[in-house]
Amino acid sequence: MTLAAFHLVAPRIPVGLAGDAANPGGTARARAASQGPEMVRVGDAEAVFWPGDGVLAAALAEAADRAGPWPGLPDSVRLPVRIIVARSDRQFDSLTAGRLPGWGAGAAFPGARTVVVQGRGDPFRILRHELAHVALHAVVRRAPLWLDEGYASRAAGEWDRLDALRVNLAVAAGRVPTLRALVAELRGSAPRAEAAYALATTAVLLLERLGGERGLAPLMTALAATGDLDRALRASYQLSLEQFERRWHEDLRARYGWVSLLGSVGALWAVVLLTVGGLWYRRRRRDAARRKALDDGWFQVLDGHGPES
């Protein structure tokens with residue numbers, strides 16, 4: 001998540017000792033000498049970490065140094081970036097000034113080219129998501145939050161079947177917000193935000209399809225030049241922002257909804273129904289055999305005139 005909208009200043013971390021990925025021995029000795037934050041540098045990326053996270057920090061710095069290319073952005077975009085590895089939810093909350101929702105796992109400060117990443121979950125996916133925010137803002141001065149988050153999710157390759165299912169459910173239930181309302185959803189509770197991130201990604205994927213072979217490049221070029229999304233959409237796709245929103249809603253209804261939802265879960269339900277049906281059939285045959293055996297026994301008792309005293 002980008003913190004550009006919160007107008008925060010990137011955290012200043014007093015780094016007492018520095019290390020280098022090419023000199024792990026020196027880093028280990030430095031770590032032993034201090035319990036404060038340390039730093040490792042790989043190319044244009046540096047990672048600040050606390051003792052115990054040195055290996056992860058070096059790997060994240062290496063991943064950041066070779067990150068890219070970024071969809072629709074010039075190949076020349078380079079990201080001298082600082083990564084801060086938070087060891088706990090409490091430390092992450094402190095580093096981000098408590099301005100992120102509890103479900104947040106990463107934060108970007110594009111103006112300072114700084115990202116904060118938690119070590120839990122998939123830190124490398126989180127890193128690429130946050131780096132995408134930094135890359136986008138290195139080219140584009142302003143972007144609405146839905147575009148910012150949708151772009152980062154697209155760049156990080158976060159779209160999957162679960163996201164498609166969330167969108168299917170939202171469309172089928174008639175819960176497709178306007179782009180303006182989507183911004184509020186992105187800052188909501190975890191379930192609301194998950195659906196909102198998926199919806200924001202569909203909007204960016206549509207923008208990418210509208211660009212044809214050039215993908216997002218026409219829009220990003222126009223947005224960098226104008227600083228206004230409506231003007232950029234008109235210049236690149238001959239659509240106003242309002243027209244794009246209608247196009248997006250139409251695209252969602254065409255691609256998702258009840259038909260797509262049934263298709264998404266149809267295979268799973270088919271397996272479930274076949275399994276349950278098979279068990280029911282076996283149970284029915286077994287019960288029929290038991291009833292026949294009971295009936296035969298009852299008739300035998302009648303023929304023998306029952307028990308004798």
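The values are calculated or read from the model by the stated rules, or taken from the named source; none is laboratory data. Bear in mind that the values here come from a model prediction, so they are computed numbers and not experimental data. So basically every Cβ, Gly included, is an ideal-geometry build from the backbone, and we count neighbours across all protein chains shown.
Residues that are charged (D, E, K, R), buried (at least 23 other Cβ atoms within 10 Å of the Cβ) and touching a helix residue (DSSP H, G or I) at 6+ places or on another chain (Cβ under 9 Å): which helices (runs of 4 or more DSSP H) entirely in the stretch 93-176 hold 1 or more of them?
123-139, 145-155
Determine if the stretch 75-88 includes at least one residue that is surrounded by fewer than 19 Cβ atoms within 10 Å (Cβ to Cβ) and among the small types (Gly, Ala, Ser).
Checking the stretch 75-88: at least one residue is surrounded by fewer than 19 Cβ atoms within 10 Å (Cβ to Cβ) and among the small types (Gly, Ala, Ser).
Have a look at 72, 121 and point out the one that is on the phi > 0 side of the Ramachandran plot, at pLDDT 95 or above and of a type in the set (Gly, Ala, Ser).
Sole residue among the options that is on the phi > 0 side of the Ramachandran plot, at pLDDT 95 or above and of a type in the set (Gly, Ala, Ser): 72.
Among the residues that make up the stretch 137-155, is at least one of them among the basic types (Lys, Arg) and farther than 27 Å from residue 67 by Cα?
The answer is no; no qualifying residue exists.
Given the conditions (1) in contact with a helix residue (DSSP H, G or I) (Cβ under 6 Å, 6 or more places away or on another chain); (2) hydrophobic (A, V, I, L, M, F, W, C); (3) surrounded by fewer than 21 Cβ atoms within 10 Å (Cβ to Cβ); (4) under 26 Å from residue 134 (Cβ atoms), which single one is not true for residue 232?
(3)
Could you look through the stretch 43-82, keep only residues that are among the aromatic types (Phe, Trp, Tyr) and over 24 Å from residue 215 (Cβ atoms), and pick out the one that is farthest from the chain's Cα centre (by Cα)?
50
Any chance the stretch 179-201 includes a residue that's surrounded by fewer than 17 Cβ atoms within 10 Å (Cβ to Cβ) and farther than 24 Å from residue 104 by Cβ?
No, that holds for no residue.
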